[in-house]
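First the structure, in the form of structure tokens, and then the observations on it.
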Amino acid sequence: MPPPPRRRPQELEEEEEEEDTQQIPDHVDEDGDEPMEDADADAGGEMNTMIKNLVRYALACEFSRTPIRRDAIRDKVLGPRGRSFKKVFAGAQKQLRATFGMEMVELPTKDRNLLTTEQKRKAAKSQSQKEPTSNAYILVSVLPEAYTTPNIIPPSKVQSADGEAAYIGLYTIIIAIITLSGGELSEPRLRRYLTRLNAAENMPSMNPHDATAPSEKTDAVLQRMVKQGYLVKVTESRSAGDDEGTTWHVGPRGKIEVDKEAIANVVRAVYGGSSGELEKKLETSLKIKGRSRGGEGAVEEEEVEEAPPDGDPGPSHHRRHGRR
């Protein structure tokens, strides 16, 4: 029996190419790459995940009154996708405004006058052409003023609503006193004001209904205000026990949450209402445009910048409301 005819090399090559083509999955092209549609979908899904994680991280930081630092965002949210900061930040801002009525705003940098001599020397050496930024943010409400009343938004129940309300009231009145005193208050003067408020030794705790600890030491509460950025305590090198060497200033968080409008409202509440003479003093002290005589409108600051369009990676600069 004669042997079968040998196949030509060209026929063998064509059969091998057909088999290789049949083994390639439908979702992969001949070069072994996935289609661009699938790659874009994966990138979009990863971006949405990072945006949601940033929203959660921002809410968690605000719960504990911790600044939302840019370095922490890179480490805990972005990971190896550090170059996506602007897109992720813009997406998180959009979700925060639409869902929670809040947004992230950058904290102001530390006042140069409050730096020590060594800190000023280091700052001068590292000074660059770019304007310094804090690279830290907090959440503030962007709801219309009509929706920010205590009846609609009561104090949060971190430990108790009454304790939170007392704490907000204490740091608000202290910040108002410091601001109206020219932005600086000595230790003896602060203690005199606290004595008038019946808070020289003790202040309400975060849970005043707790029978075991209804109050806290004033120094402990003041230290918490310093840690959370509401106040800044500066102690100069003087003779031991010299209280005049310690001064109190408004911290970066305090400047954002307790703005001039809030301070003016505190003064009006203390004086039992508004009057022409009081409004003139507020205009001089706070450099604001007061209410129309006898009107009910809110205080207007001298300059109010327009809010940026949606999707802007930076914080908006229109009128903001404090924590509550």
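The values are calculated or read from the model by the stated rules, or taken from the named source; none is laboratory data. For clarity, every value in this text was computed on a predicted model and none was experimentally measured. Positions of Cβ are backbone-derived with ideal geometry, glycine not excepted, and every protein chain shown enters the neighbour counts.
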Subset of the stretch 263-285, residues of a type in the set (Val, Ile, Thr) and over 11 Å from ALA176 (Cα atoms), comes to VAL270, THR284
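For (1) under 22 Å from TYR230 (Cβ atoms); (2) modelled with pLDDT of 90 or more, each residue gets a yes or a no:
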residue: GLN93; (1), (2): no, yes
residue: THR109; (1), (2): yes, no
residue: ASN113; (1), (2): yes, no
residue: VAL140; (1), (2): yes, yes
residue: VAL158; (1), (2): yes, no
residue: GLU184; (1), (2): yes, yes
residue: LEU194; (1), (2): yes, yes
